[in-house]
Amino acid sequence: MNDRFFERAGGLAIVAVLVIACLKIIAPFLGPMLWGAIIAISTWPLFDRLQRQLGGRQGFAAFILTTGLILVFVVPIFLLVYSLTEHVASVSGLIKDLTTMTLPPAPAWLVDAPLIGPRIDAFWQQASTDMPALLETARPALKDGMTWLLKQSGNLTLSLFEFLLAIVLAGFLCANGAGTQELLKRLICRVAGETGLELIAIAGQTVRAVSVGVVGTALMQALLSVFGFAIAGIPGAGLLGLFCFILAMLQVGTALVWIPAAVWLSYQGETGWAVFTVGWSIFINIADNFVKPYLISHGSGLPIPLIFLGVLGGLLAWGFVGIFVGATLLVVCFTLLKSWLDLEQAIDPVDTGDSKEHA
């Protein structure tokens, strides 16, 4: 019996060492692999429709899907990074030009605004009479902002390559979708039985719903931003809207687009349109916090508060990928809890009618 014990312990030790070694090997690729799985799950209905139209040629369909994703997502992000790094030097020139700028009188409605009106009026007066001193006071903050912007550009470049790798991995997963699904089903059945298959289906549905919510709200922000930019007379509104779409999808925020646009309008003397751009953009960003959970809950058929907590909590805990992971984990736990409660009720039903008759 002792021999059997040592044999099993040795076997478990060998398996543990192999698992740890495999995890160490794939650790640098865990992020792209997770993203690849999310992209594959999200785009599977599109891939399935595409391969049926191509006569079942999965490899060709995966190639077309991968190429389309790269053109839609990776290329605009690359243009965004290049534009940020290209125009950093021109910002310093703009700051120098601001020293000779004279502001028109502040709008009466802005000066008379409750609570913030007097402060805005004082700031406006200082900017009108002594712009160089005001810029000198703000120079450290502007320098820190430019340093942060350059750092974020570098991080965005690294994320771009990881996202490109994730898209390629998603293409391989889609091309081998049938085999991957069969292997996953066998593994889940082995570990959790039929209940595991139900949870996997719910998790896939949630990931697709989150994807629709993220892309849908990003598209909404982009279209509304283009509308606002066009009304304000900002040139290149379509290109700026494309940048808004990418930034909103990455959860970076569209402020990197509309704040420079508002500054440019002020620099051109269009103060009213600058204020409109700021107010309109803030409204768009606030609406995103409500539209996104609604779209996700509508696609998954689950309560909005649960999805809202999963999206925001996951974003705060794990960043952009946490939007998918947080919502999926909460949905799976909620389903497990509901199944457990239903099982308890089936085992020990509360029959109030029979109890009353017996009494």
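All of the numbers you see were taken from the coordinates with simple rules; none came from a lab. For clarity, every value in this text was computed on a predicted model and none was experimentally measured. No Cβ is skipped: glycine too gets one built from the backbone with ideal geometry, and neighbour counts run over all protein chains shown.
Alpha carbon centre of the range 1-74 versus the range 204-257: separation in Å?
Going from one Cα centre to the other spans 30 Å.
Points 7 angstrom from Cα along the Cβ direction at L71 and L223: gap in nanometres?
2.2
Place +1 on the Cβ of every Lys and Arg and -1 on the Cβ of every Asp and Glu in the range 1-77, take the dipole about the Cα centre, and give the residue among L23, T67, Q53 whose Cα lies farthest towards its positive end.
Checking the options against the dipole of the range 1-77, the answer is Q53.
If r is the Cβ-Cβ distance from I304 to T180 and R0 is 56 Å, what FRET efficiency results, to the nearest 0.05?
0.95
What FRET efficiency would be calculated for the residue pair W318, L23, taking the C-beta separation as r and a Förster radius of 25 Å, to the nearest 0.05?
So, using R0 = 25 Å, E works out to roughly 0.85.
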